[in-house]
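As C-alpha cells, the structure follows; a few thoughts come after it.
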Amino acid sequence: MNTIHYLMDPVQRGLFLPGIVVGLGVAVMCSLLSVLVVLKRLSFIGQGVSHAAFGGVGIAAVLGLAAGGAAYLGVIVLFCLASAWLIAWLSERRGASSDTAIGIVLVTAMSVGAILLHESVGRARSQPGSFVAPPGWESILFGSSIGVTWTDAALAWGVAAGIVAALWVARRPLLFWAYDEASARAFGVPARAMRLMLMVLLTLAIVASMRLAGVVLATALLVLPGATALRLSDRLRMVMILALVIALAGVLGGIVLCFEADWPPGPSIVAVLTALFLLSRSPFPVGRAGA
Amino acid sequence: MPSAATPFAGPAIEYRGVSFAYPGSGGSRPALEGITLDVRQGERLGILGPNGGGKTTLLRLTLGLLTPQSGSIRVWGMPPERARREGVIGYVPQRLEAEMAFPVSVRQVVAMGAGRGVAPWRALPRERAGRVDRSLALVGASDLGDHPAGKLSGGQMQRVMIARALAAGPRILLMDEPTVGIDPAGQQRFAGLVRDLHRELGLTIVTVSHDLRAIAAGCDRVACLSRTLHSHVAPEGLTPAVLAEVFRHDVAAIFGDLHVHAHPAAACPDPSHGEGPARQGGPA
C-alpha cells in the first residue's frame, strides 16, 4: 500500500501532497469546461491548443525562463492563445476546414517547441550556470508530480476559482450560445465574445493542467469527464455535478494508481477516466430522466 | 427615437433601396438588389422565393447581422442593430442546428429568449420567468416544460422555438422556413397557431420560405424575392406567371398538388434571375 505509506510519512507527504492538491484544482476547472467542450465539439481544438503549449514551452525555454514561474506560464498562455487565434483565422478567413487548420497549427507548434527545446538544451550545456536547463521532454509531454510546490497548488486553485466564477457569471449567454450558436446573435447574445471567452478559459485550464498531466494528456481532462457525464444524465445541472465527481474520482484514482504501480500521473489519471467512460456505457444507465 | 416599449406609428419594417453583395463575390452579382418594401404593423407578410434567392440575406440584414452596401433599413423606426439589441424582433430559426442531445429542458430553452437586458450573472427576474410561462402557454407547450428538449418532435420543437422568440417580448415575429421538417398535419397545426398568435398578440409576423404552402397558409400579403423584389400581392394574386418568374422553374412541378400551371423557365423575362452564389443560400 504505497499510497498510505506516502501519505503517512511526513517527508513523502511534503513531496506529493501539493501535486494532489493541484490535481483536485485541475479536476474542478476541467470538469465543468469539459461539458461545454464535448457539447460544442471542441475537443480537437483543445488538442490543438494544448499541443501549442509545447511550442510555448520551447519559447519560454529558449528565453531562459525558469519552469513554472509566472513569466514562463505567461509565455505559454500567450502562445496558446495565438495558436487558437491562428486556427480561427485559417478556418474563417483562409478557407481551411477547422479540422485542417487544427492539424496544421498542432504540428507546427510541436515542431517549433521541439526545435527551440533542442536549442536551449544545447545552450544550457554550453553555458552551465548561466542558462536554465529546460524541463525534460517526458515531463512536458506526459506530466509529472515530482517537484510540484505549494505555489503551483495555489496557482491551480486560483485559476480554478477564476474559471468557475467566469462560467457562473456568463452562464445564461454561454448556455444560449452553446445550445444554438446560429440564433444567439439574433437574440442579442454576444456570440463572438462567448467563443473567445471559452477559448481563453480552455487555454488557462490546459496550461494549469500541463504540469501534472502534460501537454498530450491535458485535454483528456477536458473531454472525458464531460463525455462520461453526458451519457449518464440529460439534465444540465446533473451533468455538471457528475462531470465534477468523475473528474475528482479520476484524479484521485489516477494518483493512487500512480503511487501503487509507479506509473506517471498523467497516464494514470487518463486510464482511470477512460475506464469510467467505458463503464458508463453500462446496460443500466443511471439518472437518465425522462428516458 | 422610438424604443420597443413606446408606441410607434410608422411601418414595422421599412426597406429603402437595399442592396447587398457578399464580400468576395467579386461584385459580380449582388445577393439582393434595390429592395424597397414596407412591412405594415400588425400584418402577416410572407416572403416567398427560391433557395439562393436572397431570403436568408434579407433576414440577416433585418436582424442587423449584415449591413447593406446601399439603401437603408429601419425596424420599428430604429437601425436594425439597435432593434436587435432592444428585442424588437423575435427570431424563429429554420430547423434548430443545436445539438439534439444537449441536456436542457424545454423551459430552459424558452428562458434563453427572456434574458435580454438582464445582467448575465443575475437570475431571471420573476416578471421574466412569468413571461416564459406565458410563452409556453401561448404555443400550447405548458405541459412540455420539464421535457428534455432533445426528445421533441419537429413540430413540438418549432413551437418551442416560437415560445423562445415570444419570451423576448417582441413586436415582430420573424420566421425562417418555419415548416421545414414538419409533416402536413403539423404544418396545419402550425398555421393555426400563427393565426391565434396574430389575433391574440397583434404581432407583425414575417414568414420567409421557399414553400408556397407555408406562405399561403397564414399570410395577408406576399412578397416574391429572387435577388430583386418581384411583386407584393395578396396570396390569391400569386399567378402562375409570377411564380414562374420568381422560381425560374416550371412551378407545376414544385406545387403539383396545388394545380398551378406555369411557364417553363425559358419564358422568364430576365435570364439573370435564379440561383445566386452558393453561400447566399447557406444556413441562416
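The numbers here are math on the coordinates, done by the rules we state, and not lab data. Treat the numbers as computed from the prediction; the structure is a model and nothing was measured. We place every Cβ from the backbone using ideal geometry, glycine too, and count neighbours over all the protein chains shown.
Tell me, in nm to one decimal, what length is gained between A:Trp85 and A:Leu278 on full extension, where the rule is 0.36 nm per residue of separation less the Cα-Cα distance?
In short, 66.1 nm is gained.
Report the charge-dipole magnitude of chain A in Debye, nearest 20, computed about the Cα centre from +1 at each Lys and Arg Cβ and -1 at each Asp and Glu Cβ.
Value, rounded to 20: 800 debye.
Work out how much length B:Ser70 to B:Asp38 would gain on full extension: take 0.36 nm times their residue separation and subtract the Cα-Cα distance, in nm to one decimal. If you can, show how the numbers build up before the last one.
Details: separation 32, 0.36 × 32 = 11.52 nm, distance 1.69 nm.
Contour length minus Cα-Cα distance gives 9.8 nm.
Given 37 °C and 0.692 mPa s, compute D for chain A with the Stokes-Einstein relation, Rh being the Kirkwood radius over Cα pairs; round to the nearest whole µm²/s.
This corresponds to a translational diffusion coefficient of 167 µm²/s.
Please work out how much length the chain gains when fully extended from A:Ala261 to A:Arg192, using 0.36 nm per residue of separation minus the C-alpha to C-alpha distance, in nm with one decimal. Don't skip to the answer; put the middle values down first.
Working: separation 69, 0.36 × 69 = 24.84 nm, distance 4.54 nm.
Stretched out fully, the A:Ala261 to A:Arg192 stretch lengthens by 20.3 nm.
What ³J(HN,Hα) values, in whole Hz, does the Karplus curve 6.51 cos²θ - 1.76 cosθ + 1.60 give for segment B:46-57 when θ = phi - 60°, with x put for Gly and Pro?
Karplus-based 3J(HN,Hα) across segment B:46-57 equals x, 10, 9, x, x, 4, x, x, x, 5, 5, 4 Hz.
From the backbone phi of segment B:167-184, what are the Karplus-calculated ³J(HN,Hα) couplings (6.51 cos²θ - 1.76 cosθ + 1.60, θ = phi - 60°) in whole Hz, Gly and Pro given as x?
5, 7, x, x, 8, 10, 9, 10, 10, 9, 6, x, 9, 5, x, 10, 6, x
Rounded if a/c is under 1.5, else prolate if a/b beats b/c, else oblate: with a ≥ b ≥ c from the C-alpha gyration tensor eigenvalues square-rooted, which is segment A:60-152?
Judged from the Cα gyration tensor, segment A:60-152 comes out prolate (a/c at least 1.5, a/b above b/c).
Would you order A:Lys40, B:Lys55 from fewest to most other beta-carbon atoms within 10 Å of each residue's own beta-carbon?
Going from least to most buried by this count: A:Lys40, B:Lys55.
Once you have the Kirkwood Rh of segment B:100-169 from its Cα pairs, apply Stokes-Einstein at 25 °C and 0.890 mPa s and quote D in µm²/s.
Diffusion coefficient, whole number: 207 µm²/s.
Would you be so kind as to identify which of A:Gln12, A:Ala186, A:Met29 lies farthest towards the positive end of the dipole of chain A, taking Lys and Arg as +1 and Asp and Glu as -1 on Cβ and the Cα centre as origin?
Comparing the listed Cα positions along the dipole, A:Ala186 ranks first.
Whole Å is fine, so just give me how far the alpha carbon centre of segment A:17-72 lies from that of segment A:90-161.
Taking the Cα centre of segment A:90-161 as reference, the centre of segment A:17-72 is 9 Å away.
Taking the Cα centre of the protein assembly as shown as the origin, how large is its charge dipole in debye, to the nearest 20, when only Lys and Arg (+1) and Asp and Glu (-1) carry charge on their Cβ atoms?
Value, rounded to 20: 960 debye.
Dipole magnitude of segment B:100-169 about its Cα centre, charges +1 at Lys/Arg Cβ and -1 at Asp/Glu Cβ only, in debye to the nearest 20? Intermediate values should be presented prior to the final figure.
Numbers: 10 positive and 4 negative charges, 43 e Å.
It comes to approximately 200 debye.
Amide H neighbours of B:Glu43 under 5 Å, counting only residues 5+ apart in sequence or on other chains, H built in-plane at 1.01 Å?
HN-HN under 5 Å from B:Glu43: B:Ile205.
Considering the dipole of segment B:100-169 built from charges on the beta carbon (Lys and Arg +1, Asp and Glu -1) around the Cα centre, which of B:Ala101, B:Gln156, B:Ala123 is farthest to its positive end?
B:Ala123
Within 10 Å of each Cβ in B:62-75, how many Cβ atoms from other chains are there, averaged over the peptide?
1
Mind running the shape call on segment A:1-113? Use the C-alpha gyration tensor, a ≥ b ≥ c as the square roots of the eigenvalues: rounded below 1.5 for a/c, prolate if a/b tops b/c, oblate otherwise.
Details: a/c = 3.17, a/b = 1.72, b/c = 1.84.
Because a/c hits 1.5 or more and a/b fails to exceed b/c, segment A:1-113 counts as oblate.
Counting every Cα pair in the protein assembly as shown, what percent are over 30 Å apart?
59
In what sequence do B:His147, A:His51 fall when counting other Cβ within 10 Å, fewest first?
B:His147, A:His51
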